[in-house]
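Visitor: Quick one: structure below, then a few questions.
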Amino acid sequence: MVLHDSSSASELLKAFSHPTRLAILQELLTGPKCVTDMEELLPARQANISQHLAVLRHAKLVDYAQDGSLRCYYLCRPNLVEDMLALVGRNDPVVKRSAEEIQRDKQRLAKALVKPKPSVKTDRRRLAKR
């Protein structure tokens, strides 16, 4: 996979990097919620939840629809949020490697990246054929 815009990716990952924001995203997976609804569900005050929602809106993960004086927030990229929460929720094993294993991999990679240079004789033969 090639990352085309590391700055945008970094901002997106920052939006996922707080426990309260993760909890908000988890709640919004079940459906739209107003800040007052989230205040009842999360261990945070309304002002704090609103600040986190602003970060999530800036990252284009959530948006809101105005319902009278209430703003009801919803996920505007539900597939991405669902995939990220599933990814960070995985319990993958931690891989430990020895210094020798790392050195062998580095040597193998260096050999794979080095292409043999054609000899001067080979270059002359190619030119002579033209």
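Visitor: What are the residues whose amide H is under 5 Å from the amide H of CYS34, where those residues sit 5 or more places off or on another chain and H is modelled from the backbone?
Guide: It is TYR73, by chain and number.
Visitor: Please identify the helices of the chain, taking whole runs of DSSP H, that span at least 20 Å along their own axis as judged from the Cα atoms and have a mean Kyte-Doolittle score of -0.5 or higher.
Guide: Qualifying helices, which must be both long enough and hydrophobic enough, do not occur.
Visitor: With labels modelled as points extended 7 Å from the Cα through the Cβ direction, what inter-label distance (nm, one decimal) is found for THR36 paired with TYR74?
Guide: 2.0 nm
Visitor: Given a Förster distance of 35 angstrom, what is the FRET efficiency for SER98 paired with GLN26, based on the Cβ-Cβ distance and rounded to 0.05?
Guide: E(calc), rounded to 0.05, equals 0.35.
Visitor: For a quick check, take a GNM of the chain with Cα springs below 10 Å and name the residue from VAL81, VAL95, VAL55 with the largest mean-square fluctuation.
Guide: VAL95
Visitor: Give me the number: length gained by fully extending ALA112 to SER7, i.e. 0.36 nm times residue separation minus the C-alpha to C-alpha distance, one decimal in nm.
Guide: Working it through step by step, the gained length comes to 34.7 nm.
Visitor: For the chain, modelled as a GNM with alpha-carbon contacts under 10 angstrom, which of SER69, SER50, SER17 fluctuates the most?
Guide: SER69
Visitor: Still on this model: Any idea what log10 I(q)/I(0) is at q = 0.17 Å⁻¹ for segment 7-49, Debye with uniform C-alpha scatterers and no solvent?
Guide: -0.49
Visitor: Can you check how the C-alpha radius of gyration of the chain compares to 2.2 N^0.38 Å, as a plain ratio?
Guide: 1.84
Every number in this text was worked out from the coordinates using simple rules, so none of it is lab data. Being a predicted model, the structure only gives us computed values, none of them experimental. Don't worry about glycine lacking a Cβ; one is built from the backbone with ideal geometry, like all the others, and counts go over all protein chains shown.
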